[in-house]
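Before anything else, here's the structure in question.
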Amino acid sequence: MQKKYFEEEDEEFVEMNISTNLLNIVPVLFKTEPEVTVFYDGFIEKVESNKHLRKNEDNREIMDKAFLDELLKYHTLEEINNALEGKSTDTETNLDKDEEAHINEVIRKTFKDKMEFRMFVSLVTQYVMEYDETPVSAAAKSMQQLGKSDNDILAITSIINDIL
């Protein structure tokens, strides 16, 4: 089912004239369905809100650049290049289907909608990049900023701790 989900999303972006090799690295870089959804939603929002991109949706070079810019919000250039070259990275997780289902369930219960989850990801990124916080600490602070309960904070931070 997850592969089908990625294929359906990719079809939408092929119509936007994004290079296939860039589309193929999305499921490599983003391991879970919610992460892929946040990425795709963010890119669609970027295209919809940027007049230059809307006018040039048929220009592959411009769309690829915008797609790469969006990828750079979440991953380093080295990670993107490794994914494009098919190199394995040390950040890969070896989650089985049960673990991934549990993570998806916790995320769905914790965050009321995609926007709140997107805000959480943005806050975590900000804490990690601007304040050199660890991912677990950044997640905890982000959850507190979003007004989440101690149980929710513990659930999310324990997942992040287990993955890393």
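Condition first: within 17 Å of Met115 (Cα to Cα) and among the polar types (S, T, N, Q). Now tell me which residues in the stretch 142-162 satisfy that.
Once the filter is applied, which keeps residues that are within 17 Å of Met115 (Cα to Cα) and among the polar types (S, T, N, Q), the stretch 142-162 yields Ser142, Gln144, Gln145.
State yes or no: is Leu164 loosely packed, with under 11 Cβ neighbours inside 10 Å, modelled with pLDDT under 90 and closer than 27 Å to Phe67 by Cα?
yes
Identify all residues within the stretch 18-39 that are of a type in the set (Val, Ile, Thr), in a helix (DSSP H, G or I) and in contact (Cβ under 8 Å) with a residue 60 or more places away in the chain; write none if there are none.
Step one: list which residues in the stretch 18-39 are of a type in the set (Val, Ile, Thr), which gives 18, 20, 25-26, 28, 32, 36-38.
Going one step further and asking which of them are in a helix (DSSP H, G or I), we end up with 20, 25-26, 28, 36-38.
Thr37, Val38, listed by residue number.
Mind checking whether some residue in the stretch 40-55 is in a loop (DSSP other than H, G, I, E, B) and either out of contact with any Cys (no Cβ under 7 Å at 6 or more places or on another chain) or open to solvent by 50 Å² or more (accessible area, probe 1.4 Å) (or both)? Walk me through how you get there before you give the answer.
Keep residues of the stretch 40-55 that are in a loop (DSSP other than H, G, I, E, B), which gives 50.
Filter once more, so that each one left must be either out of contact with any Cys (no Cβ under 7 Å at 6 or more places or on another chain) or open to solvent by 50 Å² or more (accessible area, probe 1.4 Å) (or both): 50.
Yes, the stretch 40-55 has at least one match.
Output yes when any residue across the stretch 145-156 is more than 21 Å from Asn24 (Cα to Cα) and under 17 Å from the mean Cα position of the chain (by Cα), and no when none is. Step through it out loud before you land on a result.
Taking the stretch 145-156 as the starting set, the residues that turn out to be more than 21 Å from Asn24 (Cα to Cα) are 145-156.
Still in the running and under 17 Å from the mean Cα position of the chain (by Cα): 156.
Checked the stretch 145-156: at least one residue is more than 21 Å from Asn24 (Cα to Cα) and under 17 Å from the mean Cα position of the chain (by Cα).
Anything in the stretch 76-135 that is at pLDDT 85 or above, open to solvent by less than 50 Å² (accessible area, probe 1.4 Å) and either in a loop (DSSP other than H, G, I, E, B) or in contact with a Cys (Cβ under 7 Å, 6 or more places away or on another chain) (or both)? List them, or say none.
Phe111, Glu133
Out of the stretch 122-144, which residues are in contact with a helix residue (DSSP H, G or I) (Cβ under 6 Å, 6 or more places away or on another chain) and of a type outside the set (D, E, K, R)?
Passing the criteria: Leu123, Val124, Tyr127, Val128, Pro135, Val136, Ala138, Ala139, Ala140, Ser142, Met143.
Would you tally the residues in the stretch 136-164 being in a helix (DSSP H, G or I) and basic (Lys, Arg)?
1
Shifting gears a bit: Pick out the one residue from Lys148, Lys73 that is closer than 22 Å to Lys46 by Cα and open to solvent by 30 Å² or more (accessible area, probe 1.4 Å).
Lys73
The values are calculated or read from the model by the stated rules, or taken from the named source; none is laboratory data. Treat the numbers as computed from the prediction; the structure is a model and nothing was measured. No Cβ is skipped: glycine too gets one built from the backbone with ideal geometry, and neighbour counts run over all protein chains shown. Ligands, DNA and RNA are excluded from the accessible area calculation, which covers all protein heavy atoms including side chains. Shrake-Rupley method; radii C 1.70, N 1.55, O 1.52, S 1.80 Å.
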